[in-house]
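The structure appears right after this line, and notes come after that.
The values are calculated or read from the model by the stated rules, or taken from the named source; none is laboratory data. Remember, it's a predicted structure, so these values are computed and weren't measured experimentally. As a convention, Cβ positions derive from the backbone with ideal geometry for all residues, glycine included, and neighbour counts pool all protein chains shown.
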């Protein structure tokens, strides 16, 4: 069990980035026109953007820039952009959302390389001189899957096994609408693999976890709100979301399980964003040292090695490198999305217990069965 205070997150984030020179942005003043930048993102990151936008507006590159924001369940926001919702920058929960936007023509197929061509990080996409912490390109923030518990941790929650015990009431979002939910369930499964259990045992674990689930709100933010209001006794959530709630005064404690999943949240300029100089400037800011420092002050694990090196000590660490599971280690998003979240459930021949595709879709029918 890892409990830690989040008082450091209460530092004035509004000044964290503004106090640093925006030296990494090679922009001419004329590029910072008084235009509007439309931001669309997953629910949890919404509060951070209020601070990041204000910090950016205090720089020469951001003078006169205005923003519109739309934050909600990641799949819902993605579908809204496909349907025509204005969006210059999309910061969504997980990579399949970006692929949906690529298919719809709203985001370029090479969106992940914008961190180099626009953001100016990772001088070599072959990773020989990578400036980012992990190898996945196009990621603006990292986090991990963690647990929120009631003050004093009355149930003694310490790891994923704790969540399947009798009397534990779990809150986690709905994987049909929420990227956060998908991270959470993959973390539970991946933790079983990390401690040497078989894929079938991993599916058994997910079945037991979902059986203890008492609420599945539409988004990560809605799940946190339900938990704060009194639903359940354990919330599975982004580490940064829990820390922000603690920093805001909510009576929670954070438990970082000894094995969990690395969360990587992607960002991209859309078809309208790449031609909007203010959107380009803000995208650059988000990858800059001041922008990443502001993210770190709000509980996000910075993707820049330089910022991560100075903030790493404020975050939970892991005994072994294999204790921090990645989607890549589970097969990558295209394979994982089909295997776990395909709406069509497909079983192998002569097997009606362990699906080959649509594992979570199938197991959802057991959700709340012991509530």
Query raised in the report: Is at least one residue of region 157-168 in a helix (DSSP H, G or I) and either modelled with pLDDT under 95 or surrounded by fewer than 18 Cβ atoms within 10 Å (Cβ to Cβ) (or both)?
Result: yes
Requested in this report: Return a yes/no flag: does region 186-198 have any residue that is in the same structural domain as residue 226 (by TED's automatic domain parsing), touching a residue at least 12 places away in the same chain (Cβ under 8 Å) and assigned to a loop (DSSP other than H, G, I, E, B).
Outcome: yes
Query raised in the report: Within region 335-360, which residues are free of Cβ contacts under 8 Å to residues at least 60 places away in the same chain and assigned to a helix (DSSP H, G or I)?
Result: 335, 338, 339
**Report entry** Only one of 349, 335 that is exposed (fewer than 14 other Cβ atoms within 10 Å of the Cβ) and at pLDDT 95 or above
**Finding:** 335
Report task. Scan region 325-334 and give yes if some residue there is touching a strand residue (DSSP E or B) at 6+ places or on another chain (Cβ under 7 Å), in the same structural domain as residue 243 (by TED's automatic domain parsing) and within 29 Å of residue 245 (Cβ to Cβ), otherwise no. Result -> yes
Report task. Those residues that are in contact with a strand residue (DSSP E or B) (Cβ under 6 Å, 6 or more places away or on another chain), under 15 Å from residue 119 (Cα atoms) and touching a residue at least 60 places away in the same chain (Cβ under 8 Å), I need them from region 280-324; list them, please. Result -> 282, 283, 286, 303
**Report entry** Subset of region 33-71 (residues that are at positive phi and crowded, with 21+ Cβ neighbours inside 10 Å)
**Finding:** none
Query - Condition met for residue 114 (part of a helix (DSSP H, G or I) and free of Cβ contacts under 8 Å to residues at least 40 places away in the same chain) - result: no
Query - Identity of the residue in region 209-243, without any contact (Cβ under 8 Å) to a residue 60 or more places away in the chain and out of contact with any strand residue (DSSP E or B) (no Cβ under 8 Å at 6 or more places or on another chain), that ends up farthest from residue 48 (Cα to Cα) - result: 230
**Report entry** Matching helices (runs of 4 or more DSSP H) fully within region 204-302 where at least 2 residues are surrounded by 22 or more Cβ atoms within 10 Å (Cβ to Cβ) and not assigned by TED's automatic domain parsing to the domain that holds residue 185
**Finding:** 277-287, 289-297
Report summary line: From the option list 187, 181, 191, single residue qualifying as out of contact with any strand residue (DSSP E or B) (no Cβ under 8 Å at 6 or more places or on another chain) and surrounded by 21 or more Cβ atoms within 10 Å (Cβ to Cβ) is 181
